[in-house]
1. Only one residue in ALA165, ALA114, ALA149 is at pLDDT 95 or above, over 21 Å from GLN6 (Cβ atoms), under 14 Å from the mean Cα position of the chain (by Cα) and part of a helix (DSSP H, G or I). Which one?
2. Would you please name the residue that is surrounded by the most Cβ atoms within 10 Å (Cβ to Cβ), looking only at residues in the range 168-186 that are among the small types (Gly, Ala, Ser) and under 13 Å from the mean Cα position of the chain (by Cα)?
3. Which residue pairs have Cβ atoms under 6 Å apart, sit 6 or more places apart or on different chains, and have a first residue in the range 1-23 that is touching a residue at least 40 places away in the same chain (Cβ under 8 Å) and a second that is among the aromatic types (Phe, Trp, Tyr)?
4. Count, please, the residues in the range 1-25 that happen to be part of a loop (DSSP other than H, G, I, E, B) and within 15 Å of the chain's Cα centre (by Cα).
5. Among the residues of the range 85-102, is any exposed (fewer than 15 other Cβ atoms within 10 Å of the Cβ), of a type in the set (D, E, K, R) and under 25 Å from GLY171 (Cβ atoms)?
6. Kindly establish whether VAL121 is touching a Ser or Thr at 6+ places or on another chain (Cβ under 6 Å) and at pLDDT 95 or above.
7. May I ask you to list the residues in the range 102-134 that are free of Cβ contacts under 8 Å to residues at least 12 places away in the same chain and within 15 Å of THR177 (Cβ to Cβ)?
8. Which of (1) assigned to a helix (DSSP H, G or I); (2) farther than 23 Å from GLU55 by Cα; (3) touching a residue at least 24 places away in the same chain (Cβ under 8 Å) does ASN139 not meet, given it meets every other one?
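The values are calculated or read from the model by the stated rules, or taken from the named source; none is laboratory data. A quick note: this is a predicted structure, and the numbers were derived from the prediction, not measured. Here the Cβ is made from the backbone with ideal geometry for all residues, glycine too, and neighbour counts use every protein chain on show.
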Amino acid sequence: MPKRCQWCGDSQLYQDYHDKEWGVPIRDDRLLFEFLILEGAQAGLSWITILKKRENYRRLYDGFDPEKIAQYDSDKVAELLNDAGIVRNRLKVSASISNAQVYLKIVQREGSFAKWLWQFVGGKPIQNNWKHFEDVPVNTPESDVMSRALKKEGFRFVGTTICYAFMQAVGMVNDHTTDCFRHAEV
């Protein structure tokens, strides 16, 4: 059995996510938007909760199509809040809609959400070499800057800790511990 980062423990869902997705650099605009919305939904909860609900989110949120989400009305909000398949938090649902609107403005202005986001790490992943899970920070100067920039644009649920978790998930930083088989791979 391969050595993995300590955080994925014995959960098969966590292990699959760790082995196939976490820390792999993503430069696809729509997928980055999806992860940003899911990380915001995770605020105050465990990531496993969101992973278990991810397919429901994809279904209910029209495959995370930002153009559709930006147009959601009160009927759609009511539908979302009545579905136990997602986190039914009015502030988070409202933020996902306004975040889609802000996302579209950035894409229109910058040409690419990915290009705009990756500037916060100089366009390439930061390669960390943490020996122990306890050494991995919950935020960094880069996540602080990203958080401030996202908030300035109008995004919500994008505090520095959420931004750092996002950066880890989408491969802007490699926070696999050095004893993890994925560290060298990503």
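1. ALA114
2. ALA169
3. That search, which allows pairs on different chains as well, returns PRO2/PHE181; LYS3/PHE181; GLN6/PHE133.
4. Total meeting the criteria: 5.
5. No - not one qualifying residue is present in the range 85-102.
6. Values: touching a Ser or Thr at 6+ places or on another chain (Cβ under 6 Å): no; at pLDDT 95 or above: yes.
No, not satisfied.
7. Correct list: GLU134 only.
8. Just one mismatch for ASN139, condition (1).
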